[in-house]
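The values are calculated or read from the model by the stated rules, or taken from the named source; none is laboratory data. None of the values given here were measured: they were computed from a predicted structure. Note that each Cβ is placed from the backbone with ideal geometry, even for glycine, and that neighbours are counted across all protein chains shown.
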Amino acid sequence: MIVSLPRVPRHTALSLAALITAMAVTAPLAAQAATALTSRQLESARSNYVSICGRCHGVDGLGGEGPPLAIPELHRAPDDATLIQIISLGIPGTAMNGTRWLLPDELTELAAYVRSLAPRSGSATVTGDASRGRELYERGRCDGCHTVGGFGTARGPDLTSVGTRRGATYLREALLEPEAALPRGLTQIPLGFADYLMVRVVDERGTEVRGMRMNEDTYTIQIKDARGVIHSFYKPSLRELDKQFDRSLMRSYRDAFTDPEVDDLVSYLMSLTGSTARLVS
């Protein structure tokens, strides 16, 4: 039996309630669509994927700033209805935004295309040894800035579930070229990220302070330095205020670890999925 999907004019804004109702109709069809996409639907879904999802998840689904999708199982989307909901509404509290402008059938086709990436998962295999990677994580004193499972210092991003939020390629780049892989925050600013912004200030006495911006409003700015000390400044009284969008508090590990050791460390980081954090042995 052929089921006709509800059509909505492209220039009509769908209310959230209407979209959820439409999703309830289209979600059961996602599994069918995964194996029955026409060439036109496939091309349309791929185009939507590249333009909407590719920047974070990689045009081939191998991950990047976002987690890889070319894997056998999506932890947050065990079924097609959930995957469609995530694509449409996003994931609260994360950098995953929704795509509410897509029509119901486009959501179904995009979800089916994401599922179709799974057979390519072999190319996304992480080759390092996670157990050795954990030893390198501890040897490199990564817990001086990061936390895993509640252990460490929260100067930088928490890594407890980093394996579900980043791709292996992105993590490798973050280790070797941290200033080229600056993490984006949830509150975006024109240059693409808000959290972990490096700032250099010179106060009215000529004292220089460098650190990570913690908070800022029209008149004040708060900075956490490398020792974890928080400084608050009244901006009109500062001699200099330099927001360094191309700098990172994290140092490069290019000279600290060999290539195989970097593979091991990336493998360990990719193994951190929340509930399994610090259980690798």
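Within region 198-217, how many residues turn out to be in a loop (DSSP other than H, G, I, E, B) and within 29 Å of the chain's Cα centre (by Cα)? Before the answer, list the steps.
Going residue by residue through region 198-217, those that are in a loop (DSSP other than H, G, I, E, B) are 203-207, 217.
Checking which are within 29 Å of the chain's Cα centre (by Cα) leaves us with 217.
Residues flagged as in a loop (DSSP other than H, G, I, E, B) and within 29 Å of the chain's Cα centre (by Cα) within region 198-217 amount to 1.
In region 224-248, which residues are assigned to a loop (DSSP other than H, G, I, E, B), among the aliphatic types (A, V, I, L, M) and without any contact (Cβ under 8 Å) to a residue 40 or more places away in the chain? Spell out how you get there, then give the answer.
Taking region 224-248 and keeping what is assigned to a loop (DSSP other than H, G, I, E, B), we get 225-229, 238-239, 245-248.
Adding the requirement that they be among the aliphatic types (A, V, I, L, M) leaves 226, 229, 238.
Answer for region 224-248, where residues must be assigned to a loop (DSSP other than H, G, I, E, B), among the aliphatic types (A, V, I, L, M) and without any contact (Cβ under 8 Å) to a residue 40 or more places away in the chain: V229, L238.
Please pick out the residue among A81, A34, A45 that is assigned by TED's automatic domain parsing to the domain that holds L102, closer than 15 Å to A111 by Cα, assigned to a helix (DSSP H, G or I) and at pLDDT below 50.
Values: A81 fails: at pLDDT below 50; A45 fails: at pLDDT below 50.
Matching residue, one of A81, A34, A45: A34.
In this structure, is R251 in contact (Cβ under 8 Å) with a residue 24 or more places away in the chain and surrounded by fewer than 16 Cβ atoms within 10 Å (Cβ to Cβ)? Step through it out loud before you land on a result.
Numbers: in contact (Cβ under 8 Å) with a residue 24 or more places away in the chain: yes; surrounded by fewer than 16 Cβ atoms within 10 Å (Cβ to Cβ): yes.
When the stated conditions are applied, R251 passes them.
Consider region 149-173. How many of its residues are surrounded by 20 or more Cβ atoms within 10 Å (Cβ to Cβ), of a type in the set (S, T, Y) and not in a loop (DSSP other than H, G, I, E, B)?
Looking only at that region, the number is 1.
Condition check: at pLDDT 50 or above, assigned to a helix (DSSP H, G or I) and over 13 Å from A111 (Cα atoms). Does G54 satisfy that? Explain how you work it out, then say what you get.
Details: at pLDDT 50 or above: yes; assigned to a helix (DSSP H, G or I): yes; over 13 Å from A111 (Cα atoms): yes.
Yes.
Which residues, taken from region 220-249, are at pLDDT below 80 and among the aliphatic types (A, V, I, L, M)?
Passing the criteria: A226, L249.
For region 84-120, name all the residues that are charged (D, E, K, R) and either surrounded by fewer than 16 Cβ atoms within 10 Å (Cβ to Cβ) or not in a helix (DSSP H, G or I) (or both). Quick ask: steps written out before the conclusion?
Initial filter on region 84-120 (charged (D, E, K, R)): 100, 105-106, 109, 115, 120.
The answer is R100, R120.
Can you tell me which residue within region 127-148, out of those that are in contact with an Asp or Glu (Cβ under 9 Å, 6 or more places away or on another chain) and assigned to a loop (DSSP other than H, G, I, E, B), is surrounded by the most Cβ atoms within 10 Å (Cβ to Cβ)?
So the first thing to find is which residues in region 127-148 are in contact with an Asp or Glu (Cβ under 9 Å, 6 or more places away or on another chain), and the list is 127-137, 146-148.
Remaining after also requiring assigned to a loop (DSSP other than H, G, I, E, B): 127-129, 146.
Values: T127: 10, G128: 23, D129: 18, H146: 21.
Of everything passing the filter in region 127-148, G128 is surrounded by the most Cβ atoms within 10 Å (Cβ to Cβ).
Residue check: is G93 out of contact with any Gly (no Cβ under 7 Å at 6 or more places or on another chain) and either under 23 Å from L159 (Cα atoms) or modelled with pLDDT of 85 or more (or both)?
Details: out of contact with any Gly (no Cβ under 7 Å at 6 or more places or on another chain): yes; either under 23 Å from L159 (Cα atoms) or modelled with pLDDT of 85 or more (or both): yes.
Yes.
Say we look at region 140-151 and pick out the residues that are within 21 Å of the chain's Cα centre (by Cα) and not polar (S, T, N, Q); which of these is farthest from G211 (Cα to Cα)? Spell out how you get there, then give the answer.
Step one: list which residues in region 140-151 are within 21 Å of the chain's Cα centre (by Cα), which gives 142-143, 145-150.
Checking the rest, the ones that are also not polar (S, T, N, Q) come to 142-143, 145-146, 148-150.
Details: C142: 18, D143: 18, C145: 13, H146: 16, V148: 22, G149: 25, G150: 23 Å.
Once the filter is applied, the top-ranked residue is G149.
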